[in-house]
Amino acid sequence: MELAINGETKLAGLVGGDTITQSFSPMMHTASFKEVGVNAVYLSLPIEMDQLKEVVAGLKDIAVGYNVTMPFKTYICEYMDELSPAAKLMGAVNTVEIRDGKCIGHNTDGAGFVENIKNVGFDPKGKIATVIGAGGAGSAVFTQLALEQVEEIYVYNIKDSFWDSTEKRVAQLAEHTGVKVSLHDLNNRDELKESIFVSDLLVNATKVGSGELEGQSSIDEEMLHECLVVADTVYKPLETKLIKMAKDYGLVTAGGVGMLLQQAALAEKIWFGTDMPVAYIEKISSNNTCLGDQTLKRYSNSCGEEKCQK
Ligand code: NAD
């Protein structure tokens, strides 16, 4: 369908900081709206931190909803009229829905991540996970994994500004879900190795692997083992050092692009009630620009019911 702007055209978009120009979201949503026949535009809206409150108030009157990216996902929570249960637990919002004059903060990152690992055949229920990273993405990932009733989660982070809030979040999450969740220092490499050794799933949800940290990995190759599924939230580059290392080891992997597509599809469902044609968007995106070929190798639980002799 042709996308023609007229008096009925709705506004959606992405609110973010100075890295927003690198986002794939405007291209993905524009292609999807055109394909599905949603009469809306999706614009990139770069702002400064001191504009956030006013931008939220302004968009409330004119937009149908919008996404939120770095560095505003946590800060925007206080300006929402309501938070979804998942966004409340995560302390982060990546999708704002404007309904009946209210801003409702959702988080589709966690659910998008889980959808992505399910797409490679990995059901997290009852499994053990090591999640590296406790920022916006990491918090969404480990919270959603707990909501999916994994057995246990080891969260690792460096002792930066995320540490103190994560200590509280992890305790609340464990109490809320009954799942064992613990926080560890990423610099304790022996402990990290032990956690990965007993885990079924390893996730990188830090910035390591992208930007200035491209070509780096949070873990060493010797920490991998044959019963592990490895996921990354980083999607630029498409194949991080971690994903490449895991593929070379013969493991099933789930890269950040799959998560990106799934969280976008969930956002469109919230704003318009429509189903984003994920496979089509992935295909045209890889033809046009950026998403590459995401051929999937599926997890077939080759370890079976008996766990590997790790
Ligand atoms: P954030 O700023 O909220 O968190 C940054 C995380 O990286 C923190 O855990 C921090 O401790 C860690 N970190 C930073 N420098 C580090 C270093 N030198 N060593 C180890 N850890 C370090 O950012 P975010 O929103 O959580 O994003 C993290 C990554 O996930 C980014 O690459 C982002 O693009 C990606 N992401 C992908 C999706 C998706 O849909 N695929 C969604 C959200 C975020």
**OP:** Given a cut-off of 27 Å, name the pairs among Lys60/Lys168; Lys88/Lys269; Lys60/Lys180; Lys10/Lys207 whose C-alpha atoms lie farther apart than that in the structure shown.
**Re:** Lys60/Lys168; Lys60/Lys180; Lys10/Lys207
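From the Cα trace of the range 79-122, what convex hull volume per residue do you get, rounded to a whole Å³? Walk me through the intermediate numbers first.
On the way: hull volume 3.0 nm³, N = 44.
Dividing the Cα hull volume of the range 79-122 by its residues yields 69 Å³.
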Subject >> Options Leu192, Cys227, Val170, ranked by Cα towards positive dipole end of the range 155-268, top entry (Cβ charges) >> reply: Val170
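Quick check for me: using +1 on Lys/Arg Cβ and -1 on Asp/Glu Cβ, what's the dipole size of the chain about its Cα centre, in debye to the nearest 20?
On the way: 28 positive and 43 negative charges, 70 e Å.
Roughly 340 debye for the chain.
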Original post:
Taking the Cβ-Cβ separation of Ala4 and Lys60 as r and a Förster radius of 45 Å, what is the calculated FRET efficiency to the nearest 0.05?
Top reply: 0.95
**OP:** Mind giving me the FRET efficiency for Lys244 and Asp50? R0 is 41 Å, r the Cβ-Cβ distance, nearest 0.05 is fine.
**Re:** 0.55
Original post:
Ignoring ligands and nucleic acids, what accessible area does Asp81 show with a 1.4 Å probe (Å², nearest 10)?
Top reply: 80 Å²
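Using every Cα-Cα pair within the range 235-275, state what percent have a distance larger than 15 Å. Each step should come with its number before you reach the end.
Working: 424 of 820 pairs.
Counting pairs separated by more than 15 Å, the tail of P(r) holds 52 percent.
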Original post:
Rounded to two decimals, what ratio of Rg to Rh does the range 155-218 give with C-alpha atoms and a Kirkwood Rh?
Top reply: 0.99
Subject >> Distance histogram in 5 Å bins (all Cα pairs of the range 1-150, percent per bin) >> reply: 2, 9, 17, 19, 19, 15, 11, 6, 2, 0, 0
Original post:
With axes computed from alpha carbons, what is the tilt in degrees of helix 163-177 against the longest principal axis of the chain, rounded to the nearest 10 within 0 to 90?
Top reply: 90 degrees
Original post:
If each Cα of the chain is one equal point scatterer, what is log10 of I(q)/I(0) from the Debye formula at q = 0.08, 0.10, 0.16 Å⁻¹?
Top reply: -0.34, -0.54, -1.36
Original post:
What whole number of Å gives the distance from the Cα centroid of the range 189-262 to the Cα centroid of the range 76-101?
Top reply: 29 Å
Original post:
Given labels modelled 7 Å from the Cα in the Cβ direction, how far is it in nm from Asn187 to Lys125?
Top reply: 4.1 nm
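For the range 25-112, take the alpha-carbon Rg, divide it by the Kirkwood Rh, and send me Rg/Rh.
Numbers: Rg = 12.9 Å, Rh = 13.5 Å.
Ratio of gyration radius to Kirkwood radius: 0.95.
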Original post:
For the modelled label position 7 Å from the Cα of Asn39 along Cα-to-Cβ, which residues of the range 51-68 have backbone nitrogen atoms closer than 18 Å?
Top reply: 62-65
Subject >> Size descriptor, Kirkwood hydrodynamic radius, that averages inverse alpha-carbon separations across the range 1-74, Å >> reply: 12.9 Å
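The values are calculated or read from the model by the stated rules, or taken from the named source; none is laboratory data. From a predicted model like this one, the values you see are computed outputs, not experimental measurements. Virtual Cβ from ideal backbone geometry, glycine too; neighbours counted across all protein chains shown. In case anyone asks, the SASA skips ligands and DNA or RNA and just uses the protein heavy atoms, side chains included. Shrake-Rupley method; radii C 1.70, N 1.55, O 1.52, S 1.80 Å.
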